[in-house]
Each structure stands twice: as structure tokens, then as C-alpha cells.
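Colleague: Sharing a structure below in C-alpha cells format, with a few things to ask.
The values are calculated or read from the model by the stated rules, or taken from the named source; none is laboratory data. Please read all numbers here as calculations on a predicted model, not as lab measurements. FYI the Cβ positions are ideal-geometry reconstructions off the backbone, even for glycines, and counts take in every protein chain you see.
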Amino acid sequence: MGDIHEMPMRKCFSHRGMIIRGILPMKDRDRLSDLKKSNYKQMKEYRLGSSKQEIFELLPERKVKKVILGEKPIGILRMGELFYAFDSQCPHRGADLLQANINGLSEIICPLHQYRFDLKTGQVRSGYCSDLPVYPVHLHEEGLTIQIPQ
């Protein structure tokens, strides 16, 4: 399924779902200093494919594809020109989300117990378990980039 390239490290951090990039101005650093450093996760960026066209060919509409980034299995889904990346296993019982259904509300539905998760936020919409980890995805002329915590 195309080439996956490990990108050079960028100064990228995740905090409660927000991605913080680059070097912060001093006033912002002071504001963020109250947050616990343990809440930050350094992100690693990967690139899939080498062009937009290749990505559209690799990822059929509304079909979950599994890729391994580093050592982490990730599910990738395309809906039109929107792309989503998430853990490939349901956080409830570890069911494989490759066989999951996608509804009209941009939710992925686990095939085991029909738990539903928002594809944008990972928030559980139906069921009793933790949220589904989701990852930032960006489509560029040079392919698709995905950021996952190290």
C-alpha cells in the first residue's frame, strides 16, 4: 500500500487533543507552564504516498485501510476529500475496526458490539468505554501526513 516515510522530527506536541507546533512565544510559554508536562506527548510525523492522486487511488471511499506507523497499527479512512486516522482496534474489547461500518454522522461503528465513535474527535457516542484515539491527518500535494504520539 504505497510507501510510508518517516518524516524528520518537528516540534509538535499533543495536549488533550490539541496539537501544539513550533516554538511558543514567551507569553504563551508562561501560560502553558501551569500544565503538567506529563500531559504532553511528542508527535512523530509519517507520510503515505507521494501525491494526492496516489492517495486517492490507495484509499477507496469509506473503506478502512490498516497501516503500520512505526510499530503502531493505524486505521485510515477516506470520505470524499476528508481523511481520518485512528487506532485500528476498538478501545472496548480490541475488536478489529477494519470491518467497521461508517454511518452518515461520520461515526465508525465497531463490528463486535456496535459501539459508535466520532471520527473527528474519537469521542464514544454509543457504548461504555474510553474514546477511540484519533490522529491528525493532512493531505498535501506530496501525499498524506499522519502524526502519532511517540
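Colleague: Suppose the filter is part of a loop (DSSP other than H, G, I, E, B), at pLDDT below 50 and surrounded by 13 or more Cβ atoms within 10 Å (Cβ to Cβ); does LEU35 pass it?
Modeller: Against the criterion (part of a loop (DSSP other than H, G, I, E, B), at pLDDT below 50 and surrounded by 13 or more Cβ atoms within 10 Å (Cβ to Cβ)), LEU35 does not qualify.
Colleague: Picking from SER51, SER106, SER130, which residue would you name as being on the phi > 0 side of the Ramachandran plot, over 11 Å from the mean Cα position of the chain (by Cα) and not aliphatic (A, V, I, L, M)?
Modeller: Of SER51, SER106, SER130, the one residue that is on the phi > 0 side of the Ramachandran plot, over 11 Å from the mean Cα position of the chain (by Cα) and not aliphatic (A, V, I, L, M) is SER106.
Colleague: Say we look at the range 67-102 and pick out the residues that are of a type in the set (D, E, K, R) and either under 18 Å from GLN114 (Cβ atoms) or modelled with pLDDT of 95 or more (or both); which of these is farthest from the chain's Cα centre (by Cα)?
Modeller: ARG93
Colleague: Tell me which residues, restricted to the range 112-150, are out of contact with any Leu (no Cβ under 6 Å at 6 or more places or on another chain), β-branched (Val, Ile, Thr) and within 17 Å of PRO73 (Cβ to Cβ).
Modeller: Of everything in the range 112-150, those that are out of contact with any Leu (no Cβ under 6 Å at 6 or more places or on another chain), β-branched (Val, Ile, Thr) and within 17 Å of PRO73 (Cβ to Cβ) turn out to be VAL134, VAL137, ILE146.
Colleague: Looking at the range 40-57, is at least one residue touching a strand residue (DSSP E or B) at 6+ places or on another chain (Cβ under 9 Å), surrounded by fewer than 18 Cβ atoms within 10 Å (Cβ to Cβ), aliphatic (A, V, I, L, M) and at pLDDT below 95?
Modeller: no
Colleague: While we're on this one: Return only the number of the condition from (1) free of Cβ contacts under 8 Å to residues at least 60 places away in the same chain; (2) surrounded by fewer than 14 Cβ atoms within 10 Å (Cβ to Cβ) that GLN150 does not satisfy.
Modeller: (1)
Colleague: Could I ask something else about it? Return the total of residues in the range 122-148 being of a type outside the set (Val, Ile, Thr) and closer than 22 Å to ARG93 by Cα.
Modeller: Qualifying residue count, the range 122-148: 12.
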